[in-house]
Structure formats: structure tokens, C-alpha cells
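Novice: Take this structure, written in C-alpha cells, and hold onto it; I'll ask about it next.
The values are calculated or read from the model by the stated rules, or taken from the named source; none is laboratory data. In this text, all values refer to a predicted model and were calculated from it rather than measured experimentally. Every residue, glycine among them, receives a Cβ derived from its backbone with ideal geometry; neighbour counts consider all protein chains shown.
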Amino acid sequence: MENITYEKVDAILCEKNYNPHDLISILQKVQEEYNYLPEDVMSYVASSLGIPASRVFGVASFYSHFTLQPKGKYIIKICDGTACHVKKSTEIVQALEKHLGLSADQRTTKDMLFTIEMVACLGTCGLAPAMVINEKVYGQLTPEKAVEYVKRIQEKEANGGDNNEQH
């Protein structure tokens with residue numbers, strides 16, 4: 001697990017003038033920074049804003065946009081909407097889970113590189129079945145193609161990676 005430094009959180013709080021009315025946007029920025037909302041950071045935000053921790057935790061757990069669990073560097077969103085489901089998106093999920101050693105109970109790889117998420121719809125029905133890795137859309141997938149895209153990312157990461165997430 002990463003070391004949490006509160007300097008980043010302090011900068012976000014300062015940018016928002018420690019305004020409790022900006023709690024949602026503060027939490028959004030914190031999540032962008034850490035890829036999830038660490039419990040210690042939410043408590044720190046609450047005390048810094050002078051509001052109860054239960055309010056911060058309540059907001060974080062109410063909105064589906066927020067996550068309280070660490071996620072990988074690459075978020076793989078697999079569409080399970082009608083068009084994708086009919087074209088066997090579940091087989092893509094199974095192939096990726098097998099390749100990455102994941103299951104329904106464990107959605108993030110131990111090396112924190114990948115997280116698999118099922119989503120109701122990506123809005124890419126014409127490309128069904130489809131997935132998104134971070135912001136890049138992959139369509140007309142087969143289980144083999146999906147695994148191949150992930151292997152390319154793994155190779156790039158093994159070779160030192162880069163900040164340019166073109167695959």
C-alpha cells in the first residue's frame with residue numbers, strides 16, 4: 001500500500017478554501033490523486049473541514065462515483081449492457097479474470113496494475129462487445145483480443161512503461 005502524504009490533500013483543501021460546501025469536489029480531487037478514497041484521508045478531510053467524519057463517509061459511500069477500495073493503474077470497464085451481453089461479454093470477463101488471476105471477490109491485481117469493473121452500459125452498442133481501459137475504447141472484442149490488449153499493457157509496464165497510455 002502506498003504511503004499517504006497529507007501535503008496533496010492540504011493543497012486540495014486549500015484550493016477549495018476549506019469550504020465544507022465543496023465536499024464532493026474535494027473528494028473527487030482526492031480520489032483522482034489516490035485512485036480511491038483512503039479511510040485515513042477521509043477522516044483528515046473531515047477534521048480539516050470541521051465536519052463530522054460520518055458526513056464525509058456518508059457522501060463517499062452514497063455516490064457510486066466514489067470508491068473506498070484501492071484500484072489499479074489501469075481500470076478495465078467491461079460493458080454488460082444488452083448488446084454486449086448478447087454478444088457474450090461474460091466470456092471476455094472470464095478470459096481477463098483467468099489471465100489476471102482475478103475473481104468476483106478480487107477485482108484488482110496484487111501488483112495494483114489492473115482493476116476489472118462490470119458496467120451497465122458504455123454507450124458503444126455498435127462496437128459490442130466492448131471495454132474501456134482507462135479512457136480508450138476497445139470494441140468488437142473476443143476473449144482472445146481482450147487478453148491481447150492487456151498483455152500489451154503488461155509488456156509496456158515490464159519495459160518501464162510510460163505516462164502515455166496509448167496501446
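Novice: Among the residues that make up the range 109-128, is at least one of them touching a Ser or Thr at 6+ places or on another chain (Cβ under 8 Å), polar (S, T, N, Q) and either over 23 Å from VAL86 (Cα atoms) or at pLDDT below 95 (or both)?
Specialist: Within the range 109-128, one or more residues are touching a Ser or Thr at 6+ places or on another chain (Cβ under 8 Å), polar (S, T, N, Q) and either over 23 Å from VAL86 (Cα atoms) or at pLDDT below 95 (or both).
Novice: Can you name every residue in the range 1-28 that is crowded, with 18+ Cβ neighbours inside 10 Å and either in contact with an Asp or Glu (Cβ under 6 Å, 6 or more places away or on another chain) or closer than 27 Å to LYS110 by Cα (or both)?
Specialist: VAL9, LEU27 - these are the residues of the range 1-28 that are crowded, with 18+ Cβ neighbours inside 10 Å and either in contact with an Asp or Glu (Cβ under 6 Å, 6 or more places away or on another chain) or closer than 27 Å to LYS110 by Cα (or both).
Novice: Got a sec? Which of GLN28, GLN69 is modelled with pLDDT of 95 or more, within 16 Å of the chain's Cα centre (by Cα) and of a type outside the set (Val, Ile, Thr)?
Specialist: Working: GLN69 fails: modelled with pLDDT of 95 or more.
None of the others qualify; the one that does is GLN28.
Novice: Of the residues that sit in the range 120-145 and are part of a loop (DSSP other than H, G, I, E, B) and of a type in the set (A, V, I, L, M), which one is surrounded by the most Cβ atoms within 10 Å (Cβ to Cβ)?
Specialist: ALA130
Novice: The conditions are (1) surrounded by fewer than 14 Cβ atoms within 10 Å (Cβ to Cβ); (2) of a type in the set (Ser, Thr, Tyr); (3) within 30 Å of GLU144 (Cβ to Cβ); (4) not assigned by TED's automatic domain parsing to the domain that holds VAL132, and THR67 fails exactly one of them. Which is it?
Specialist: Exception for THR67: condition (1).
Novice: Also, quick follow-up: Please work out which one of (1) part of a loop (DSSP other than H, G, I, E, B); (2) over 24 Å from LEU68 (Cβ atoms) is the condition GLU155 fails and give its number.
Specialist: (1)
Novice: Within the bounds of the range 123-142, is there any residue that is charged (D, E, K, R) and farther than 14 Å from LYS73 by Cβ? Show your work before the answer.
Specialist: The initial filter retains those residues of the range 123-142 that are charged (D, E, K, R), namely 135-136.
Those left that are additionally farther than 14 Å from LYS73 by Cβ: none.
No, the range 123-142 has no match at all.
Novice: Among the residues of the range 82-127, write down those that are of a type in the set (Lys, Arg) and touching a strand residue (DSSP E or B) at 6+ places or on another chain (Cβ under 7 Å).
Specialist: Passing the criteria: only ARG107.
Novice: Among SER48, SER103, SER89, which is the only one that is over 22 Å from PRO129 (Cβ atoms) and hydroxyl-bearing (Ser, Thr, Tyr)?
Specialist: Going through SER48, SER103, SER89 in turn, the sole match is SER48.
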